[in-house]
1. Taking a cut-off of 18 Å, what percent of all Cα-Cα pairs in segment 323-446 are separated by more than that?
2. Would you work out the charge dipole size for segment 238-319 about its Cα centre, treating the Cβ of every Lys and Arg as +1 and the Cβ of every Asp and Glu as -1, and quote it to the nearest 20 debye?
3. Distance between the C-alpha centers of segment 206-276 and segment 289-314? Whole Å please.
4. Just to be sure I understand the model, the point goes 7 Å from the Cα along the line to the Cβ. What's the resulting Ser423 to Val343 distance in nm?
5. What percent do you get for the relative contact order of segment 101-212 when only Cα pairs under 8 Å and 6+ apart count?
6. So what is Rg over Rh here for segment 40-452, counting just Cα atoms and using Kirkwood for Rh?
7. Mind listing the phi-derived Karplus ³J(HN,Hα) values for segment 334-341, rounded to whole Hz, using 6.51, -1.76 and 1.60 with θ = phi - 60°, and x for any glycine or proline?
8. If the chain between Gln249 and Leu433 were fully stretched, how many nm would it gain, using 0.36 nm times the residue separation less the Cα-Cα distance?
Amino acid sequence: MHDTPKSDAVAPRSDTDAARSSTDAARSDTAAKRSGVRRAFVASLTGTALEWYDFAVYSAAAALVFGDLFFPSEDPLTGTLLAFSTYAVGYLSRPLGGFVFGRLGDVIGRKKVLIATLVLIGVATFLIGLLPAYGTIGVAAPIALVVLRFAQGVGVGGEWGGAVLLSSEFGDSRRRGFYASAAQVGPPAGNLLANGVLAALGALLTEAQFESWGWRVAFLLSGVLVGFGLWIRAKLEETPVFKAMEAEQSRPQTPIREVFTTQPRALTAAILCRVGPDVLYAMFTVFVLTYATQELDMSRGSALAAVLIGSSVQVFLMPLAGALSDRVNRRLLYGVSAIAAAVWPFVFFPMAAGGSWLPLAAGVLVALVIHCCLYGPQAAFIAEQFSPRLRYTGSSLAYTLAGIIGGAIAPLLFTTLLSAYDSWVPLALYIALASAISLVGVLLGRNPEAAVDEDEQLSAPKTRAAVDAALPH
């Protein structure tokens, strides 16, 4: 009797085991990637929502109480104008955040910058909640308010570009519209949370209590919320795209200069496309509170409820709009939505003129649905205008510079136009003009396919570098 060599008997099983091991490793790698994408999506959404809660609670407070508390005047309109001036400071300071944090995001990484921006805006908002009013410390009160609002704007200016990349660079580049929309859910989610907190405080407290100390509670809550956001972001890894740039040593040394000198058309397109959505959003989430209470004689609670309903719908529609832009041409969807944004105010103002709550709420809802079709795909559209190595800087600059000519001055212009002409027509014409500017930006922009190709070219060297690094030397 002859024994069969063990090597011959074992070899088939070894091949099978190797195949199974390879399959298991592939499955494990796929599962890890999916888990990373989910964590990045949640981190982008929650972090941005928390920062926009801080920003939105200030916006609502500026429309409702800051005029009396920090800018006392015999004329309520003057107080409101001054309060909206501090609102504008939050936009005017965004470019500083875009320049500083955008550059750092392309040089040292997305994750570190996003933690820094979250801390900055959270601390500023918390301190606003502790700030004494004009009646207590005089002119120092509005000065301190402006400084803290400036800090908020710097934080938001550095936040948006990184939040977009955090989710989109973990996900499939062909589904960039959906993944990048995580950052776009932040504003309506933050606005919903901010207005919900203020509405609850308004319902539980008397008018005197709310104006005396109730509004401060909404700002002090920021400390708890930011702690939660930091816990989520600290657990994340750096994005695969930035890791690939590190492996290839292709990180830019002077990203700001490169954006201005090598990609001026991309920057122009990205800036212009934002103007219309910013003005539309400022009208139907900020100024509509003033318009409803002062022009239509509606209660503060009714106006807040209308915005609350529209914002709650946006939370669910925003990612759907982003996903839709992956299935249809993103530029076409954006362009059609910009035209709708230009037309809708001419329907809304006559519809709401009677002072009834239902037409007002319906009008706000439709406006914010249109805004979803603009803002949902916007993050992907802006990010794909720039090459991967300049995306944080380019996206941040576009976002913040557009904010100056869009959202920053919108409430001020709305207030001034209404005071000067005592008519809604100039307001509607202003929104139409802003929407036309966005349409020009869309026509200048490039299609998503070029950006997808760049991502795929970047991922191949990154994978080879990772494999080489893992091999023994």
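1. Details: 4521 of 7626 pairs.
The share of Cα pairs beyond 18 Å in segment 323-446 comes to 59 percent.
2. On the way: 6 positive and 7 negative charges, 29 e Å.
Here segment 238-319 has a charge dipole of around 140 debye.
3. So the two Cα centres are separated by 28 Å.
4. It works out to 2.3 nm between the two label points.
5. On the way: 76 pairs, mean separation 28.4, N = 112.
Once divided by the residue count of segment 101-212, the mean separation gives 25 percent.
6. On the way: Rg = 20.0 Å, Rh = 20.9 Å.
So for segment 40-452, dividing Rg by the Kirkwood Rh gives 0.96.
7. Ordered by residue, 3J(HN,Hα) equals 5, x, 4, 5, 5, 5, 4, 5 Hz.
8. Values: separation 184, 0.36 × 184 = 66.24 nm, distance 4.40 nm.
Length gained between Gln249 and Leu433: 61.8 nm.
Read the figures in this text as sums done on the coordinates, not as results from a lab. As the structure is a prediction and not an experimental result, all values here were calculated from the model. Positions of Cβ are backbone-derived with ideal geometry, glycine not excepted, and every protein chain shown enters the neighbour counts.
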